[in-house]
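A quick write-up on the structure given underneath.
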Amino acid sequence: MTRLLTLTPLDFAIVAIYFAAVIAIGVYLRRFATTGEEFFMAGRQMTAWVAGLSFISANLSSLETMGWSAMAYQYGMLGAHAYLIGAIPAILFLAMVMMPFYYISRTHSVPGYLQLRYGEGARSVAGISFTFLTVMVSGASMFAMAKILNLLLGWDIHLSIWASSLTVAVYVTLGGLLSAVFNEVLQFFLIWLGTLLVPILGLVAAGGWNGMIKAIQKNAPIIHPTVQNADFTSLWRNLGSFDTNPMGIDWFGMVFGLGLAVSFGYWCTDFLQVQRVIVAKDLRSAQNGTLIGAALKMCVPLIVTLPGLLGLAVLYAQDGSPLVLVPESDPRARITHYTFNDVLPLLMGRYLGPGLLGLGVTAMIAGFMSGMAGNVSAFATVWTYDVYKPLFRRNASDRHYLAMGRWCSILGVLISIAAAYALLWFSNILEFLQVLVFFFIVPLFGTVILGMLWKRATSAGGFWGFVAAIVASIGMWTYVHTFPEGYSPQPKVTLGEGSVVSLQKDQASGALRRVTVESGQVAALNVALAGFGAPAQAQATAVTTALALPASVTARQGTSPVQVLAPQVTVAGQPTRFGVEGVEVVLRPGVRLSVSEISQRFAPAAFNPDHTQYVARSRKAKPMAVNMYSGWWSLVVCVVVTVLVSLFTRPKPEAELKNLVYGLTPRPDEGKPPWYESPALWATLVTLVLVAVNLVFW
Amino acid sequence: MHGHRIPIWFFIGALLAVYGVLVLAAGLYGLVHTPAVELASLHAGVWWGALLLVIGTGYVVKYRPRRQE
């Protein structure tokens with residue numbers, strides 16, 4: 001497919017200025033990171049605004065903006081729940097309930113809190129799993145950036161990986177967390193100012209909000225034919241059952257899966273997030289910083305969800321029909337169709353001229369790099385304080401740990417690069433990585449919150465509850481992807497490069513009815529054809545008489561249309577490409593045909609409805625619903641096991657729980673704040689706005 | 001001691017001001033040579049560049065490094 005975006009020299013200059021600026025900031029900040037506390041905790045001097053912007057930016061990476069625009073294109077307005085019920089209640093809970101414990105205990109990290117509350121066992125499990133995950137996520141972010149820049153702009157993948165990671169290595173190694181936080185705040189402005197024009201101009205083109213909604217209602221059934229009855233334009237009224245919304249989820253999964261388990265796990269115990277606010281200069285700033293983050297989080301749908309919705313309303317093909325984008329997993333992706341992930345770049349290319357496009361691309365690169373920097377600085381902190389210090393060298397000097405932090409930053413970048421290259425060769429790992437994060441953060445939340453609110457929770461209870469929930473998460477994930485009777489991917493016919501093809505269309509509708517391959521080579525996957533070699537390893541064989549391949553195939557999972565992909569063929573003497581489904585393909589004598597069949601007992605990309613009905617209460621539950629329900633059950637397992645084990649084991653004496661548990665943690669007296677600095681006031685206002693937004697878009 | 005630290009807002013302002021100048025210049029050039037994008041008639045580059053410049057300059061002026069008293 002052609003490149004989505006083409007930059008002018010001015011756009012390149014804007015990108016180059018960004019790289020120069022972040023390196024200059026890193027060099028400048030080196031002098032302010034000369035002790036462990038300064039390097040790892042930014043000297044605990046952050047104001048509420050810096051902490052809040054950094055808190056929200058650490059999560060507002062380019063994967064986030066592009067990914068959730070894609071979600072909105074796929075799931076409609078439900079995509080906004082990630083910024084409403086899927087974030088705000090948890091952030092408010094972090095600010096008002098959990099922050100005092102994190103802050104008063106003076107912990108360096110969330111695993112550090114586990115050590116204080118439960119002991120070394122829970123800290124080691126959390127510390128090691130967290131360090132592993134951060135570098136993997138960092139590598140995934142880098143890999144995704146390189147791949148996206150390659151697809152959008154044609155940039156070399158290796159150059160993208162090395163240029164961005166070396167830049168991050170320089171500024172994080174020099175300035176530590178302070179440098180990462182500075183760049184996150186900078187990125188916040190760049191993302192907003194680089195992206196906000198897209199929805200503004202998109203709404204102008206759509207004829208305003210009402211024009212956009214009308215266009216979505218008209219186009220969505222054409223773009224998403226498998227969810228014909230789904231409502232794309234509401235937040236709650238379509239959640240009565242699994243099949244009335246495009247996400248295939250119900251209200252219980254949304255509230256308890258996303259709103260409670262996944263959201264609280266992510267926002268309250270993911271150290272990458274929490275680190276941003278526990279370094280504030282005092283408890284009130286930490287709380288207000290978190291609340292500023294909550295207020296800003298509710299605005300993010302304007303630059304993320306809205307472009308996704310506009311993609312359903314303003315993108316049209318040359319023939320005037322709605323432009324259909326497909327998932328990355330679709331075999332037609334990037335051959336004949338753009339993908340869901342392309343919706344934001346498509347809109348950028350459509351509306352942003354020279355200069356503005358450079359700003360948009362810089363915002364994307366800044367998002368990727370600051371996401372990576374956040375992971376690397378969190379990796380350096382947790383590795384140094386929660387793995388290296390307790391397990392390898394307990395009583396070294398501060399200078400030694402500072403040096404370890406700097407080396408860890410470089411090491412973190414190098415491991416991230418290795419992870420990025422691993423993903424380059426095994427790209428299917430990428431889709432499991434997000435699930436891997438769920439495996440750990442939801443159990444971690446259950447363990448931490450019981451430790452904070454229930455003084456009877458014991459070390460053994462915390463450890464075994466945490467481990468049992470991780471095992472339960474992995475078990476559920478394995479179970480829903482297991483197919484005891486075998487899973488066959490959708491049947492597919494691929495026409496080889498240079499094949500000569502003629503197309504027969506319906507005269508009335510113009511729809512393609514038959515594809516005839518005059519010469520060339522054809523590969524058929526899971527299209528049952530007797531007499532064409534053994535399954536899975538057939539050699540190409542020339543067809544001796546004209547052969548018609550079926551338009552659909554009936555297998556154990558039901559009837560599936562055959563996908564026909566023609567990435568580079570010749571039609572009427574002209575090179576072309578196309579992709580269709582459910583169309584008969586006729587092979588002329590002489591065409592070489594290879595046949596293969598795949599059947600898997602374990603298919604990570606597919607969900608077995610026979611099994612999902614037990615995890616997500618319905619055979620109709622779609623992947624997102626299954627993930628949310630898995631999070632919920634994982635939290636339940638964590639709480640139940642922690643409580644049961646705690647009841648049969650000896651709790652810590654209360655004296656050892658001071659400043660760690662509710663009821664035993666006196667709040668520091670910071671004096672009565674002026675009314676406009678009261679966390680309770682701002683928490684109430686954010687809650688009221690959240691309720692209002694949900695009611696308006698009910 | 002490490003001396004006085006320049007606020008983050010100054011760096012943000014400086015970068016936005018530079019970007020504002022560049023985007024505004026491209027927008028003004030687009031008044032004569034219209035870019036091949038949709039809604040080019042709205043000249044988004046002009047007013048968006050001006051907005052960046054105003055925000056950036058405001059931050060630079062307010063948070064510029066001053067000699068410590």
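Descriptive notes on the structure:
- Checking each residue in region A:299-316 for being in contact with a strand residue (DSSP E or B) (Cβ under 8 Å, 6 or more places away or on another chain) and either charged (D, E, K, R) or assigned to a helix (DSSP H, G or I) (or both) picks out only A:LEU312.
- In the condition set (1) within 22 Å of A:GLU677 (Cα to Cα); (2) modelled with pLDDT of 80 or more; (3) more than 25 Å from the chain's Cα centre (by Cα); (4) of a type outside the set (Gly, Ala, Ser), A:LEU29 is compliant with all but (1).
- Of the residues making up region A:657-686, those that are farther than 10 Å from A:ARG284 by Cα and not in a loop (DSSP other than H, G, I, E, B) are A:LEU657, A:TRP675, A:TYR676, A:ALA680, A:LEU681, A:TRP682, A:ALA683, A:THR684, A:LEU685, A:VAL686.
- Taking (1) within 21 Å of A:LEU60 (Cα to Cα); (2) surrounded by fewer than 22 Cβ atoms within 10 Å (Cβ to Cβ) in turn, A:GLY240 satisfies each apart from (1).
- Hits in region A:116-130 (condition: within 28 Å of A:ALA373 (Cβ to Cβ) and surrounded by fewer than 24 Cβ atoms within 10 Å (Cβ to Cβ)): A:LEU116, A:SER124, A:VAL125, A:ILE128, A:SER129
- The single condition among (1) closer than 21 Å to A:LEU186 by Cβ; (2) more than 7 Å from chain A (Cβ to nearest Cβ); (3) not β-branched (Val, Ile, Thr) that B:TRP48 does not satisfy is (2).
- Yes/no for B:GLY13 being part of a helix (DSSP H, G or I), buried (at least 20 other Cβ atoms within 10 Å of the Cβ), facing chain A (nearest Cβ under 7 Å) and small (Gly, Ala, Ser): no
- Number of positions in region B:1-10 that are buried (at least 17 other Cβ atoms within 10 Å of the Cβ) and either of a type in the set (A, V, I, L, M) or within 7 Å of chain A (Cβ to nearest Cβ) (or both): 1
- A:ALA295 surrounded by fewer than 23 Cβ atoms within 10 Å (Cβ to Cβ), more than 14 Å from every other protein chain (Cβ to nearest Cβ) and part of a helix (DSSP H, G or I): yes
- Residues being of a type in the set (A, V, I, L, M, F, W, C), under 17 Å from A:ASP11 (Cα atoms) and modelled with pLDDT under 90 - total across region B:1-39: 2
Yes/no per residue for (1) within 30 Å of A:HIS224 (Cβ to Cβ); (2) part of a helix (DSSP H, G or I); (3) within 14 Å of chain B (Cβ to nearest Cβ); (4) within 23 Å of the chain's Cα centre (by Cα):
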position: A:GLN275; (1), (2), (3), (4): no, yes, no, yes
position: A:GLU328; (1), (2), (3), (4): yes, no, no, yes
position: A:ALA363; (1), (2), (3), (4): yes, yes, yes, yes
position: A:ALA366; (1), (2), (3), (4): no, yes, yes, yes
position: A:SER377; (1), (2), (3), (4): no, yes, no, yes
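Per-residue answers, yes or no, for (1) farther than 13 Å from A:PHE697 by Cβ; (2) of a type in the set (Val, Ile, Thr); (3) in contact with an Asp or Glu (Cβ under 7 Å, 6 or more places away or on another chain):
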site	(1), (2), (3)
A:GLY207	yes, no, no
A:GLY211	yes, no, no
A:GLN217	yes, no, no
A:ILE222	yes, yes, no
A:THR226	yes, yes, no
A:PHE232	no, no, no
A:LEU235	no, no, no
A:SER241	yes, no, yes
A:MET247	yes, no, no
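So that you can scan it fast, the table gives a plain yes or no per residue for (1) out of contact with any Gly (no Cβ under 6 Å at 6 or more places or on another chain); (2) within 30 Å of A:GLY154 (Cα to Cα); (3) within 14 Å of chain B (Cβ to nearest Cβ):
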position: A:ALA51; (1), (2), (3): no, no, yes
position: A:GLN74; (1), (2), (3): yes, yes, no
position: A:TYR83; (1), (2), (3): yes, no, no
position: A:ILE104; (1), (2), (3): yes, no, no
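- In region B:51-69, residue farthest from the other protein chains (Cβ to nearest Cβ) [restricted to those that are crowded, with 17+ Cβ neighbours inside 10 Å and β-branched (Val, Ile, Thr)]: B:VAL60
- Contacts under 8 angstrom Cβ, first residue in region A:192-217 being away from chain B (no Cβ under 12 Å) and modelled with pLDDT of 90 or more, partner in a helix (DSSP H, G or I) and surrounded by fewer than 19 Cβ atoms within 10 Å (Cβ to Cβ), 6 or more apart: A:PRO199/A:LEU302; A:TRP209/A:LEU203; A:MET212/A:LEU203
- Only one of the numbered conditions (1) more than 10 Å from chain A (Cβ to nearest Cβ); (2) under 16 Å from A:THR362 (Cβ atoms) is not met by B:LEU22, and that is (1).
- Scanning region A:471-520 for residues that are out of contact with any Asp or Glu (no Cβ under 9 Å at 6 or more places or on another chain) and among the aromatic types (Phe, Trp, Tyr) returns A:TRP477, A:TYR479, A:TYR487.
- Region A:586-616 - residue that is under 38 Å from the mean Cα position of the chain (by Cα) and part of a strand (DSSP E or B) and, of those, surrounded by the most Cβ atoms within 10 Å (Cβ to Cβ): A:VAL595
- Among (1) in contact with a Leu (Cβ under 6 Å, 6 or more places away or on another chain); (2) more than 11 Å from every other protein chain (Cβ to nearest Cβ); (3) at pLDDT 85 or above - the single one A:ASP11 does not satisfy: (2)
- Among (1) in contact with a Cys (Cβ under 7 Å, 6 or more places away or on another chain); (2) within 14 Å of chain B (Cβ to nearest Cβ) - the single one A:PHE93 does not satisfy: (2)
- Total residues in region A:29-49, condition closer than 14 Å to B:PRO7 by Cα, assigned to a helix (DSSP H, G or I) and within 12 Å of chain B (Cβ to nearest Cβ): 4
- Residues of region A:76-125 satisfying the condition of being part of a helix (DSSP H, G or I), small (Gly, Ala, Ser), touching a Phe, Trp or Tyr at 6+ places or on another chain (Cβ under 7 Å) and within 28 Å of A:TRP464 (Cα to Cα): A:ALA90, A:GLY112, A:GLY121, A:ALA122
- Failed item in (1) in contact with a helix residue (DSSP H, G or I) (Cβ under 7 Å, 6 or more places away or on another chain); (2) under 22 Å from A:TYR266 (Cα atoms); (3) not β-branched (Val, Ile, Thr), with A:PHE132 passing the rest: (1)
- Verdict on A:MET348 being more than 14 Å from every other protein chain (Cβ to nearest Cβ), farther than 23 Å from A:PHE130 by Cα and in a helix (DSSP H, G or I): no
- Residue in region A:542-557 that is farther than 22 Å from A:TYR487 by Cβ, among the charged types (D, E, K, R) and not in a helix (DSSP H, G or I) present: no
- Flag if A:LEU549 is touching a Pro at 6+ places or on another chain (Cβ under 8 Å) and not acidic (Asp, Glu): no
- Of all residues making up region A:648-665, the number that are on the phi < 0 side of the Ramachandran plot and touching a residue at least 60 places away in the same chain (Cβ under 8 Å): 11
The values are calculated or read from the model by the stated rules, or taken from the named source; none is laboratory data. The shown structure was predicted, so the numbers you read here are calculated from the model rather than taken from an experiment. Glycine gets a Cβ as well: all are built from the backbone with ideal geometry, and neighbour counts include every protein chain shown.
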